[in-house]
Each structure stands twice: as structure tokens, then as C-alpha cells.
Amino acid sequence: MTTTLPPLRLGIAGLGTVGIGVVKIIQQHADLLASRSGRAVQITAVSARSKGKDRGAPLDGYVWENDPVALAKRDDIDVFVEVMGGSEGPAKDATEAAIAAGKDVVTANKALLAIHGQSLALAAEAAGRVIRFEAAVAGGIPVVKSLTEGLAGNAMGRVMGVMNGTCNYILTQMEATGQGYDALFAEADKLGYLEADPNLDVGGIDAGHKLALLASIAFGTQVDFDGVELEGIQRVSLDDITRAGEMGFKIKLLGVAQMSDRGLVQRMTPCLVPATSPLGQLQGGTNMVVLEGDSVEQIVLRGPGAGEGPTASAVMSDVMDIARGIRISTFGQPANTLTSALRAQASTVAPYYLRLHLTDKPGALAKVAAVLGDHGISIDRMRQIDHEGTSAPVIIVTHDTTRATLDEALAAFGTTGVVDDAPVALRIENV
């Protein structure tokens, strides 16, 4: 394709799974990219920890920089592509250096933006630069673009989704194979699904970063990861999955963000969702995001949430927008107009699933029911499961209550003398 525009020159920091995926796309689809953007897209320089490693794609045509900050400052790059990861250190330093040097930034780094997104967005916009991060949330699913562009005419009511494929893999495999959490955690580790720090996955932190970014776009608020209520899947048992299934539910690590009368609710916790819902039917490592707007009502986005191809595809989506001259504020509106939202954890009502182990003695159930009643929590269903030695497992489904009220009741269980260990409490989400 003939064009009068100069090439868009990239500097790529990080040559792991995502970075090398970007290199491959540019090498394999150079003509296609030029045709679609109206200009050539080229790699000028790269940086990574080890130069000599075989990464499955030729890199000898690019300048090598050992220091990503030096890469970010180069005069012969227009866009700094940051796919190193990490909220501090080289990723943060190099991103700040790129902005200061007048470069646009494309990143897949959810942790960096969840912690420093507001300050980075302010710096970029003051310098007339853009930060794009489609690849940071839900892999190949174009959810950031959907919120900032496709749904820009909607007042958003709720954003929710399954945003960590590893957790969804473990939970769905527990149901499919009858194995417990520990066995499936070990299997996920062997398959390479877990982060170097597994708690980022199973503790809900990785998915919480993503939810905080989507909430900022959806509700025009400053990113507030510290305001996300986090609970991982470590305490979900095979019994919980079985009992939920008997009631017509599936258990998912579900992120939900919505603006309530009391402020912004952000939670990333295990929840029960209807088995027949799109979220309930989601299997394996796939991600799904549900967006609800006042005009569009509800749309569902489903696709691969990680991996070389899907995440590199999302990086290239942002690169192509910059090549086309499309420039959008980091979080969909100028960073200096984003409000600091009041946190409203545990303020919306819902029914809850409770699993308790009670001492096997007369009156135990009555004491638990009395505690719930004293806190204004009514019982919808209650079932005692086969005994486990001297312990009697009990499943309770409540009517609507707030998490704050429920937590007060759970704390009061400790005074009854009949609850053997910490109860499991899972919200039942209406989706």
C-alpha cells in the first residue's frame, strides 16, 4: 500500500509470551497492518532480561536495549509497548520515562494501572500522549474498547464478569472430575496456568486489578484497587460445588462493580450464579464480561482471557488505533475529571449460601437459626448433610441481606459454642 504517512515505530519492553506474540503479528502481517492503518507499523528496538534466549522469532533486525528506561527514551520510537509486568520497578520507571519523552504507551500491565493509573493518566494527558491498555483486561476480549467507544452513550449500571481463567479452570474441573481444590491447584500449576505468585490468581488479586480498571471507565471514577473487596477461591470445596449444583447454581470467582446510593461497590469474590446463565455455563479458562447500560441493556463478551495470540491481538488493537490517529483519554474521559468515589462495600442486598460445621449435639441448629434471626436474617432453605465424625455439616440459604449484616451474624456464631470452624459464605448473584 502506498502512503505518505511515516511508519509508526515501536519499542517493545518485555519479550515473554505477550511481547513475542506482538513481534510475530508485526512480522507476519506487515502488509495487512499497513493496509488497515494507512501507514507501516515497525519495530525499532526491544528490551528484555536475557538477550541470548531463543524466543521463536527473529530479533536480529531490532536494536537491543538492556535497560527498558533507555528504550523508552529513544528518539527513534513513537510508541512504547510495555509488556514486562509488575506494578513497580522497571515497568513503572520505563512507562514514566516514555511519557516524559513524548511517547504514547501501550501496556498489558493491569497491576501497574490499577495502582498508578490515575497519576500516569494525568501525566500522559498533560504531555499530550495516550495510554492504551486493552490487553490488560480479559485478554483478547475487546472490553476496554467496548466501554470507552461502543457504549460511550450509555450510563452504565453494572459491570461484572469472570476475569481469571485459572480460577474458572479450577472450579469447573472440580465439578467435572470430582477432585478437590488442592488436586486441581496442583494440576493448574503443572500446566503453567498459575502466576509466579499463585495468590495473584487464586486470591482474586489479578482479577481485582482488572475490575478496578473497568469500574473507572464505566463510572468515571479514579482507579481504586484498594476499594475492591477481595476473596479468593481457596475455601471453596467440592461439597460447595455439589450443593450449589443441586440448587441450580454454579460457583464462579465473579467480579461486580456498580454505583449504589452509598457509593461505588467493587467486589471480586466467589459467588453462586444461575447454572443456566451465560456466566454459569462458562467452562475452562475462558473469560466473560457482562456490561449493562441504560440504552443497550445487557451485552455479553466472551473469549480467551490470556495466552500469546489473544493478548498480543489486544496489544495490536491499541497500536492500530494510534497508527490511525485515534486518541482517547486513558479511562474514557480526561483524567482530571475523574471523581474520587466513595467506597460502598457490603451495601447491596442479596441472598447468601452458608456452609457451617456444627457440633453434633441437640439444639445446635436452633442456636444458629436464632443468631440469624437476631440479626434480621431469614432462612430460605436449610439442609443437614451426612455427619463427618462429630461434626454435622449444614447448608443454609438466606433471604436478602447485606454482607455487613451477615458478617455480624457470622461473628456472633462464635458465641454459640456449636460452630466448629469458620463458616463459608458465598453471595448468590442475580445475573
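The values are calculated or read from the model by the stated rules, or taken from the named source; none is laboratory data. In this text the structure is predicted, and so the values were computed from the model without any measurement. So basically every Cβ, Gly included, is an ideal-geometry build from the backbone, and we count neighbours across all protein chains shown. Each accessible area value is taken on the protein alone, full model and side chains, heavy atoms only, with ligands, DNA and RNA left out. Shrake-Rupley method; radii C 1.70, N 1.55, O 1.52, S 1.80 Å.
Things to note:
- Qualifying residues in the stretch 192-219 (those that are open to solvent by 20 Å² or more (accessible area, probe 1.4 Å) and part of a loop (DSSP other than H, G, I, E, B)) - the one nearest to G285 (Cα to Cα): Y193
- The residue that is nearest to V22 (Cα to Cα), among those in the stretch 329-343 that are hydrophobic (A, V, I, L, M, F, W, C) and buried (at least 18 other Cβ atoms within 10 Å of the Cβ), is F331.
- Within the stretch 1-29, the set of residues being open to solvent by 20 Å² or more (accessible area, probe 1.4 Å), assigned to a helix (DSSP H, G or I) and not β-branched (V, I, T) comprises K24, Q27, Q28.
- Within the stretch 122-140, restricting attention to residues that are assigned to a loop (DSSP other than H, G, I, E, B) and farther than 12 Å from L213 by Cα, the residue that is most open to solvent (accessible area, probe 1.4 Å) is R129.
- In the stretch 271-296, the residues that are under 18 Å from Q234 (Cα atoms) and surrounded by fewer than 24 Cβ atoms within 10 Å (Cβ to Cβ): G284, G285
- Residue pairs meeting the criteria (Cβ under 9 Å; at least 6 apart or on separate chains; first on the phi > 0 side of the Ramachandran plot, in the stretch 361-386; second small (G, A, S) and in a loop (DSSP other than H, G, I, E, B)): none
- Scanning the stretch 349-358 turns up no residue that is surrounded by fewer than 17 Cβ atoms within 10 Å (Cβ to Cβ), free of Cβ contacts under 8 Å to residues at least 12 places away in the same chain and more than 20 Å from V22 (Cβ to Cβ).
- One residue from L184, L194 being closer than 27 Å to P423 by Cβ, of a type in the set (A, V, I, L, M), touching a Phe, Trp or Tyr at 6+ places or on another chain (Cβ under 9 Å) and at pLDDT below 95: L184
- Matching residues, the stretch 180-191, being open to solvent by 20 Å² or more (accessible area, probe 1.4 Å) and either in contact with an Asp or Glu (Cβ under 8 Å, 6 or more places away or on another chain) or in a helix (DSSP H, G or I) (or both): Y181, D182, A183, F185, A186, E187, D189, K190
- Considering the stretch 242-268, the residues that are out of contact with any Leu (no Cβ under 7 Å at 6 or more places or on another chain) and β-branched (V, I, T) include one that is nearest to Q173 (Cα to Cα), namely T242.
- D386 in contact with a His (Cβ under 8 Å, 6 or more places away or on another chain) and open to solvent by 50 Å² or more (accessible area, probe 1.4 Å): no
- The number of residues in the stretch 287-327 that are of a type outside the set (G, A, S) and in contact with a Lys or Arg (Cβ under 6 Å, 6 or more places away or on another chain) comes to 3.
- Residue within the stretch 415-423 that is of a type outside the set (G, A, S), in contact with a helix residue (DSSP H, G or I) (Cβ under 9 Å, 6 or more places away or on another chain) and either at positive phi or surrounded by fewer than 18 Cβ atoms within 10 Å (Cβ to Cβ) (or both) present: yes
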